[in-house]
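Peer 1: One structure, pasted below without further comment.
None of the figures in this text is laboratory data; all of them are computed from the coordinates on show. Because the structure is predicted, anything quoted here is derived from the model rather than measured. Counting neighbours? That spans all protein chains shown, and the Cβs are built from the backbone with ideal geometry, glycine included.
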Amino acid sequence: MYCPGNNMRTNILILFSTLLILSNVQAQSALNPYAHAFDRVSDAFKNKEDLLKKEFESKGLAWPVKHIYIRSFKYNSELQVWVKEQETGSYKHFKSYRVCALAGSMGPKRMEGDYQVPEGFYFINEFNPNSQYHLSLGLNYPNASDKKLSDPIKPGGEIYIHGSCVTVGCIPLTDPMIEELYVLASHAKGGGQDFIPVHIFSAKFDHPKSAEYLEKLYTIDPSLRAFENNMRKAYDYFEEHRKLPVVAVAPDGRYVFY
């Protein structure tokens, strides 16, 4: 199963999202076949931009956002947004959103129809203002690791962070929350951040309740321990440095970090 993106492709959608920051989309003609999509994003900017700006100012963060990093924790039902002003700077936590539904269980996605939310290291590859789930941000699943370790014929695909609070393998937020995230990602993209990283973990590894839950899972599926321990290296690096490691993929599909 997958979460459909509703027939608008990456390059067009990213261009549209960027133009929304630079122009007044309310002037779009009703004859434009994409006008309803422009209106949806325009409403998100109108409803959320001032609020986000005030939240940034209250936390001593520079607006508009220049660089964002998104990470999500399946067990904790949480999606975090981290920001930084300079490309070489350290990330600061801006906000956490509640992931309002979950499909599948802990562990990576390995085939189409497994209902699993992927776990791994991804980036936003699509801005979809015309999603049937309000607004959505596409992820580049399957990545290089997934392609080595997942079903070679049907690994699945079309994974999104989206609204409407329903899922069959994506990361769902409420509509107001996806509007905020869409605006943030649009600003970052429009400001020149071509690579917006999204890291998806099973759980917060250093939280006692999460660690206890994972230990129980390892007794059921010992192979899961090796995968999660590999993932934890990136988690621990970020917790220590507030910077992202460089992620590569070994010939056997394992992630390696630099």
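Peer 1: Which one is farthest from W82 (Cα to Cα) among residues in the stretch 102-111 that are buried (at least 16 other Cβ atoms within 10 Å of the Cβ) and in contact with a Pro (Cβ under 8 Å, 6 or more places away or on another chain)?
Peer 2: K109
Peer 1: Is there a residue in the stretch 141-157 that is more than 24 Å from A234 (Cβ to Cβ), in a loop (DSSP other than H, G, I, E, B) and under 14 Å from the mean Cα position of the chain (by Cα)?
Peer 2: If we filter the stretch 141-157 for residues that are more than 24 Å from A234 (Cβ to Cβ), which is where we start, we get 151-154.
Still in the list and also in a loop (DSSP other than H, G, I, E, B): 151-154.
Retained after the next criterion (residues that are under 14 Å from the mean Cα position of the chain (by Cα)): none.
There is no residue in the stretch 141-157 that is more than 24 Å from A234 (Cβ to Cβ), in a loop (DSSP other than H, G, I, E, B) and under 14 Å from the mean Cα position of the chain (by Cα).
Peer 1: Of the residues that sit in the stretch 178-215 and are among the acidic types (D, E) and in a loop (DSSP other than H, G, I, E, B), which one is nearest to Q80 (Cα to Cα)?
Peer 2: Filtering the stretch 178-215 down to residues among the acidic types (D, E) leaves 179-180, 194, 206, 212, 215.
This time we only want the ones that are in a loop (DSSP other than H, G, I, E, B), so: 194, 206.
Details: D194: 19, D206: 16 Å.
The residue in question is D206.
Peer 1: Sticking with this one: So, G157, is that one closer than 19 Å to I124 by Cα and surrounded by fewer than 20 Cβ atoms within 10 Å (Cβ to Cβ) or not?
Peer 2: Working: closer than 19 Å to I124 by Cα: yes; surrounded by fewer than 20 Cβ atoms within 10 Å (Cβ to Cβ): yes.
In short, yes.
Peer 1: Do we find that L102 is closer than 25 Å to V168 by Cα, among the hydrophobic types (A, V, I, L, M, F, W, C) and either assigned to a strand (DSSP E or B) or free of Cβ contacts under 8 Å to residues at least 12 places away in the same chain (or both) in this structure?
Peer 2: Numbers: closer than 25 Å to V168 by Cα: yes; among the hydrophobic types (A, V, I, L, M, F, W, C): yes; either assigned to a strand (DSSP E or B) or free of Cβ contacts under 8 Å to residues at least 12 places away in the same chain (or both): no.
Against the criterion (closer than 25 Å to V168 by Cα, among the hydrophobic types (A, V, I, L, M, F, W, C) and either assigned to a strand (DSSP E or B) or free of Cβ contacts under 8 Å to residues at least 12 places away in the same chain (or both)), L102 does not qualify.
Peer 1: Look at Q116 and say whether it is closer than 22 Å to E240 by Cα and part of a loop (DSSP other than H, G, I, E, B). Walk me through how you get there before you give the answer.
Peer 2: Values: closer than 22 Å to E240 by Cα: no; part of a loop (DSSP other than H, G, I, E, B): yes.
Taking the combined requirement at face value, the residue does not satisfy it.
Peer 1: What's the number of the only condition in (1) more than 17 Å from the chain's Cα centre (by Cα); (2) assigned to a loop (DSSP other than H, G, I, E, B); (3) in contact (Cβ under 8 Å) with a residue 40 or more places away in the chain that Q86 fails to meet?
Peer 2: (3)
Peer 1: Of all the residues that make up the stretch 229-248, how many are in a helix (DSSP H, G or I) and either among the hydrophobic types (A, V, I, L, M, F, W, C) or free of Cβ contacts under 8 Å to residues at least 60 places away in the same chain (or both)? Give the steps one after another, and end with the answer.
Peer 2: Initial filter on the stretch 229-248 (in a helix (DSSP H, G or I)): 229-241.
Still in the running and either among the hydrophobic types (A, V, I, L, M, F, W, C) or free of Cβ contacts under 8 Å to residues at least 60 places away in the same chain (or both): 229-240.
Result for the stretch 229-248: 12.
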